Amino acid sequence: DGGITQSPKYLFRKEGQNVTLSCEQNLNHDAMYWYRQDPGQGLRLIYYSQIVNDFQKGDIAEGYSVSREKKESFPLTVTSAQKNPTAFYLCASSIGLAGKGTQYFGPGTRLTVL
Amino acid sequence: RKEVEQDPGPFNVPEGATVAFNCTYSNSASQSFFWYRQDCRKEPKLLMSVYSSGNEDGRFTAQLNRASQYISLLIRDSKLSDSATYLCVVNIANAGGTSYGKLTFGQGTILTVHP
């Protein structure tokens, strides 16, 4: 089955710890994205990557880092510098520029900082 | 002003009702428009793209009014399974007028269809 997988589904972290969220896609999509969703709010873009070895900051990149070493993978690290990391994190991918191609989402990771 | 604004609702309607959602966007250079559906604690999924001429998919009709910068979604003959959050999504161009692949999401409109 083609699609996007995210792991883990639920993640608990102690304050001051870095944590890495996994995102893998086998859709052969060039572009990948990370969003954060807080209760009652829309999705906010953290980072995006249009091509391997290149990525751009989104609207709320502070406290996060990413890498894009392979086309299929776009992991997100939530660092201790992120002041309010508890949220629902969604990874997405698209064939090309989002305006010409639908974004497909993974099932998400719920991160809770204890 | 938010780039994409929706009435958060909630909208509570009986089965069989017709319900309409509106969404406004602030950037006149916006190029592409979509409605996504998000079930509780799940990921968003594309419901339909929105074209200038308007488009229909079964019980769902989407309209775009570029002059007034709003998008609408009409659901006819509502089903219980239509209960979800509906997200208005816009691909906003950069200052040069080209798309750079970023979608901007509204906060969503909650719909509950009851028996």
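FYI, it's all coordinate maths here, none of it is from the lab. Nothing here was measured: the structure is a model prediction, and the numbers come from that model. When we count neighbours, we look across all protein chains shown, and the Cβ atoms used for this are built from the backbone with ideal geometry, even at glycine.
What the table shows:
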{"read-out": "Relative contact order %, chain A, counting alpha carbon pairs below 8 Å whose residues are six or more apart", "value": "35 percent"}
{"read-out": "Around residue B:24: net Lys/Arg minus Asp/Glu count, Cβ-Cβ under 14 Å", "value": "0"}
{"read-out": "Extent along principal axes [Cα atoms of chain B; Å; largest to smallest]", "value": "49, 30, 23"}
{"read-out": "Chymotrypsin sites (Phe, Trp or Tyr not before Pro) within the range B:1-88, DSSP loop, no more than 15 other Cβ atoms inside 10 Å", "value": "B:51"}
{"read-out": "Trypsin sites (Lys or Arg not before Pro) lying in DSSP loop within the range A:1-42, provided at most 15 other Cβ fall within 10 Å", "value": "A:9, A:14"}
{"read-out": "log₁₀ of I(q)/I(0) at q = 0.11 Å⁻¹ - the protein assembly as shown, Debye sum with one point per alpha carbon", "value": "-0.56"}
{"read-out": "Rel. contact order, % - alpha carbon contacts under 8 angstrom, at least six apart, chain B", "value": "36 percent"}
{"read-out": "GluC sites (Glu not before Pro) lying in DSSP loop within the range A:54-114, provided at most 13 other Cβ fall within 10 Å", "value": "A:62, A:69"}
{"read-out": "Cα centre as origin, Lys/Arg/Asp/Glu Cβ charges: the range A:1-75 dipole, Debye", "value": "180 debye"}
{"read-out": "Per-residue Cβ neighbour rank within 10 angstrom, fewest leading, B:71, A:95, B:92", "value": "A:95, B:92, B:71"}
{"read-out": "Order of B:66, A:110, B:41 - criterion: other Cβ atoms within 10 Å of each residue's Cβ, fewest first", "value": "B:41, B:66, A:110"}
{"read-out": "Kirkwood Rh, Cα atoms: Rg over Rh of the range A:1-85", "value": "0.96"}
{"read-out": "Sorted by Cβ density within 10 Å, fewest first, the residues B:24, B:112", "value": "B:112, B:24"}
